[in-house]
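Report on the following structure.
Derivation of every value follows stated rules applied to the coordinates shown; laboratory data play no part. None of these values were measured; they are calculated from a predicted model. Here Cβ is always computed from backbone atoms with ideal geometry, including for glycine, and neighbour counts include all displayed protein chains.
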Amino acid sequence: MNEHGGGGETHPLFFWGIFARIEAAMISGVTGVLLAGGKSRRMGEDKRFLSVGEGTLFDRSLAVLRSLFETVFVVIAQDSPALESDAPVLRDLIPDCGSLGGLYTGLKQAVTPYVFVVACDMPFLNPATVRYFMEAKGDHDVIMAELQNGLHPMHALYHRRCLPVMEDLMKVRDLKIQRLAAHPTLRVRLLTQADLDAIDPQGRSFYNVNTPSDLEAARLIQAKVKDGSSL
């Protein structure tokens, strides 16, 4: 059962400082999962360690999750190089299933009913946007944004009830996480740009870095943010 989000209260705070912390309680009942095991084929080098502003892509994403969630861990592919972190690092339970496999591992290993999953190549994660996803979850199985450029499954909330559907998808090698948003057995809420306008009107929370040109653009955005010329 799918429904598009609309109306409801929007948290008024809007942050671009990546290491800023919100003066609010840590989120319990949801595990923060950082997927950091991509192949970086389009980038040509390991993008986890590329810098945007004062931190690497990996460190920026992990810092936001740790500022929000009581429990956070990192998931990497079985064949990814070892990753040193003071957060627990898990390897995919099922190999060669891409981001779907990473999400599956996060959900399977978490002790909480929900996980909030992000990719490590998203330099402008907004704590207020993440909290809005928490407020929107209700009894839904999936909370995902559907913006003008499509669905964003790598900045989304998932319940353990998704696990059987994910297992079925992996069995038939259908590895598109977006399939979860349309599955008839799952209760899905799709948040629109209108839902998020007061928090993130430019949608930067969902910006990801896949190519050298994406990285250059992210660094330009960060420079403008730092000098106050862009919000």
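Here the spin labels are modelled as points 7 Å beyond Cα on the Cα-Cβ line, and at Ala25 and Asn149 they lie 3.5 nm apart. Amide H to amide H distances under 5 Å link His155 with no residue, where only residues 5 or more positions off or on other chains count and H is placed in the peptide plane. Couplings for the range 172-188, taken from phi via the Karplus curve 6.51 cos²θ - 1.76 cosθ + 1.60 with θ = phi - 60°, read 9, 6, 9, 9, 7, 4, 4, 4, 4, 5, 10, 6, x, 8, 9, 8, 10 Hz in order; Gly and Pro are left as x. When the pairs Lys137/Lys171; Lys137/Lys176; Lys47/Lys108; Lys176/Lys226; Lys137/Lys226 are compared against a 24 Å limit on Cα-Cα distance, Lys137/Lys171; Lys47/Lys108; Lys176/Lys226; Lys137/Lys226 fall above it.
Count Lys and Arg as plus one, Asp and Glu as minus one, and take only other residues whose Cβ is under 15 Å from that of Pro153; the net charge is then -1. Taking the Kirkwood radius as Rh and the Cα radius of gyration as Rg, the range 76-157 has a ratio of Rg/Rh equal to 0.97. Rounded to the nearest 20 debye, the dipole magnitude of the range 150-231 is 300 debye, with +1 charges on Lys and Arg beta carbons, -1 on Asp and Glu beta carbons, and the Cα centre as origin.
Restricting to the range 43-175, what percent of DSSP beta bridges are antiparallel, rounded to 5? Counting only bridges with both partners in the range 43-175, antiparallel ones make up about 80 percent. Taken about its Cα centre, the range 79-208 carries a charge dipole of roughly 340 debye when the Cβ of each Lys and Arg holds +1 and the Cβ of each Asp and Glu holds -1.
Rounded to the nearest 20 debye, the dipole size of the range 76-122 about its Cα centre is 220 debye, using +1 on the Cβ of Lys and Arg and -1 on the Cβ of Asp and Glu.
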